[in-house]
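Contents: one structure, followed by commentary.
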Amino acid sequence: MKYVITLFLFSLVLPQGSLIAENEIYEFVVSPSTDNQENPDIHGDIVVWQQYISEYGDYDVLATDINNLGQPFFSTNVPSDQINPSVFENHIVWQSLIEGEDSADWDIRMTDISDPNFPSYAITNYINNNETNPAIHGNIVVWEDDFHGNLDIFGADVTIPSRPIIFPVTEVDYDQAKPSVYRDKVVWQDSYFGDWDIYAADIWMKNKALEYPVSLVNYDQKKPVISGDTVVWMNNFSGNWNIYAADISDIKHPIEKAISINTWDETNPDIDDNIIVWQAWVNNNWDIFAYNMTTRQTYQITYDSHDQTNPVISGKTIVWQDNRLGHDQIFGAALSDIEAAYCTKKLAADINNDCKVDDADYVIMSLMWLDCNIYPPEACP
């Protein structure tokens, strides 16, 4: 049986005509090329992506520093396809097609870009099963794995990259896919109930991951990402795709929030700290939007008539896949201080966590006046 999740709508639902006006945003090409570039990721100043190398007819993973735009400083540069990169600090992970005489399968590999020799480590190297869609945070790498014939989520502690310690995150029936990780929390989309739902696990104890649901409403919830205690995903509950989030600080009672609900599709979210980004189908093309959870303001980032897709964010920098030059390239932009505004200190009387104390907090407090949760009840004054 599916759980009933209480849904609190804290976000403004913006009609197309009331989006915040265009700002002076400086956009830049991350690493110009005549080859197609796709699926970017970013952490700090490092941007990674997959690039189709037309000279060799396959995909490689490349990386550059946005403080030194232009020529990439790293490329996998090996035969066969290398795709779906993820980066955290000095470590890049990706899925690599390993081809043998009679078979081929996907494995997960990693490099340390702080080493000028760029050593390549095999996180997985199992023959005849596929490990795909890796993500990394800290010393944990997660991925989807078809070892049991369906997709499951596995992880590895890569504190010593040459000796990864692999552990299962979830191995239940049906498919678990598209994992994301933040410290000791992993989230993924799960088809256990016949549609896609969002689940999470606390992996502090690697041999005994604690699994719990985040969103089990009807229809599909897909492509979750996590930062801190906030999970964001795309949801087609309304008949088209919109952006939702949940606070999972209390794993028994996740609180869902509608981030952006519109009549057009909004997909492929990402989050870092208090900023959520996604792509939206407006004006008959895909554009990039951002939402500040502190100020509760939505900003349109791109306005070009071509498609801007697959946005990711780190700090104040957003990068995405853009076809305005006639083929896919990785573009980027920096949010202004106002767009990226954040809370400097938690206020004791800030009940609704918007970093200010106002009438909204008073209303919440008045609704709870004289409530008492002490057990046993007889101990309440």
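The values are calculated or read from the model by the stated rules, or taken from the named source; none is laboratory data. Because the structure is predicted, anything quoted here is derived from the model rather than measured. Glycine also receives a Cβ, built like all others from the backbone with ideal geometry; neighbour counts cover every protein chain displayed.
I'd like the full set of residues that are of a type outside the set (A, V, I, L, M, F, W, C), closer than 17 Å to residue 26 by Cβ and in contact with a strand residue (DSSP E or B) (Cβ under 7 Å, 6 or more places away or on another chain), limited to the stretch 304-313.
308, 311 - these are the residues of the stretch 304-313 that are of a type outside the set (A, V, I, L, M, F, W, C), closer than 17 Å to residue 26 by Cβ and in contact with a strand residue (DSSP E or B) (Cβ under 7 Å, 6 or more places away or on another chain).
Are any of the residues in the stretch 44-54 assigned by TED's automatic domain parsing to the domain that holds residue 244, charged (D, E, K, R) and either part of a loop (DSSP other than H, G, I, E, B) or modelled with pLDDT of 95 or more (or both)?
yes
If the Cβ limit is 7 Å and pairs must be 6+ apart or interchain, which residue in the stretch 175-201 that is within 18 Å of residue 241 (Cα to Cα) pairs with which residue that is surrounded by 18 or more Cβ atoms within 10 Å (Cβ to Cβ) and among the small types (Gly, Ala, Ser)?
188/177; 189/177; 197/215; 198/215
Which one of 353, 323, 310 is closer than 18 Å to residue 32 by Cα and free of Cβ contacts under 8 Å to residues at least 60 places away in the same chain?
From the options 353, 323, 310, the qualifying one is 323.
What are the residues in the stretch 231-251 that are within 14 Å of residue 202 (Cα to Cα) and either under 13 Å from the mean Cα position of the chain (by Cα) or outside the structural domain of residue 277 (by TED's automatic domain parsing) (or both), if any?
Answer for the stretch 231-251, where residues must be within 14 Å of residue 202 (Cα to Cα) and either under 13 Å from the mean Cα position of the chain (by Cα) or outside the structural domain of residue 277 (by TED's automatic domain parsing) (or both): just 231.
Looking only at the stretch 55-82, how many residues end up being over 19 Å from residue 310 (Cβ atoms) and either in a strand (DSSP E or B) or in contact with a Pro (Cβ under 8 Å, 6 or more places away or on another chain) (or both)?
Of the residues in the stretch 55-82, 6 are over 19 Å from residue 310 (Cβ atoms) and either in a strand (DSSP E or B) or in contact with a Pro (Cβ under 8 Å, 6 or more places away or on another chain) (or both).
What are the residues in the stretch 90-142 that are in contact (Cβ under 8 Å) with a residue 40 or more places away in the chain, of a type in the set (Ser, Thr, Tyr) and either buried (at least 22 other Cβ atoms within 10 Å of the Cβ) or not in a strand (DSSP E or B) (or both), if any?
Of everything in the stretch 90-142, just one residue is in contact (Cβ under 8 Å) with a residue 40 or more places away in the chain, of a type in the set (Ser, Thr, Tyr) and either buried (at least 22 other Cβ atoms within 10 Å of the Cβ) or not in a strand (DSSP E or B) (or both), namely 124.
For the stretch 337-381, give me the residue count where each residue is in a helix (DSSP H, G or I) and of a type in the set (A, V, I, L, M, F, W, C).
Residues that pass the stated criteria total 6.
Does residue 87 satisfy the condition of being crowded, with 20+ Cβ neighbours inside 10 Å and in contact with a His (Cβ under 8 Å, 6 or more places away or on another chain)?
It is true that residue 87 is crowded, with 20+ Cβ neighbours inside 10 Å and in contact with a His (Cβ under 8 Å, 6 or more places away or on another chain).
Sort out which residues of the stretch 154-166 are touching a residue at least 40 places away in the same chain (Cβ under 8 Å) and of a type in the set (Val, Ile, Thr), and write them in order of number.
Scanning the stretch 154-166 gives 158, 165, 166.
Identify, from the list 264, 204, 281, 233, the residue that is modelled with pLDDT of 95 or more and not in a strand (DSSP E or B).
Unique residue meeting the criteria: 264.
Looking at (1) part of a strand (DSSP E or B); (2) of a type in the set (Gly, Ala, Ser); (3) outside the structural domain of residue 211 (by TED's automatic domain parsing), which one does residue 332 not meet, given that it meets all the others?
Residue 332 satisfies all of (1) part of a strand (DSSP E or B); (2) of a type in the set (Gly, Ala, Ser); (3) outside the structural domain of residue 211 (by TED's automatic domain parsing) except (3).
So is residue 139 at pLDDT 95 or above and under 22 Å from residue 42 (Cα atoms) or not?
The answer is yes for residue 139.
Residue check, residue 34 against (1) closer than 21 Å to residue 169 by Cβ; (2) over 26 Å from the mean Cα position of the chain (by Cα), all met but one. Which one?
Of everything listed in (1) closer than 21 Å to residue 169 by Cβ; (2) over 26 Å from the mean Cα position of the chain (by Cα), residue 34 misses just condition (1).
Looking at 182, 219, 212, which one is aromatic (Phe, Trp, Tyr) and on the phi > 0 side of the Ramachandran plot?
Just one listed residue meets the conditions, 219.
Can you spot a residue in the stretch 365-375 that is within 28 Å of residue 276 (Cα to Cα) and either exposed (fewer than 11 other Cβ atoms within 10 Å of the Cβ) or touching a Phe, Trp or Tyr at 6+ places or on another chain (Cβ under 7 Å) (or both)?
no
Does the stretch 290-303 contain any residue that is small (Gly, Ala, Ser), assigned to a loop (DSSP other than H, G, I, E, B) and touching a residue at least 40 places away in the same chain (Cβ under 8 Å)?
The answer is no, given that none of the residues of the stretch 290-303 is small (Gly, Ala, Ser), assigned to a loop (DSSP other than H, G, I, E, B) and touching a residue at least 40 places away in the same chain (Cβ under 8 Å).
Filter the stretch 129-173 for residues that are within 22 Å of the chain's Cα centre (by Cα) and acidic (Asp, Glu); which is farthest from residue 224 (Cα to Cα)?
157
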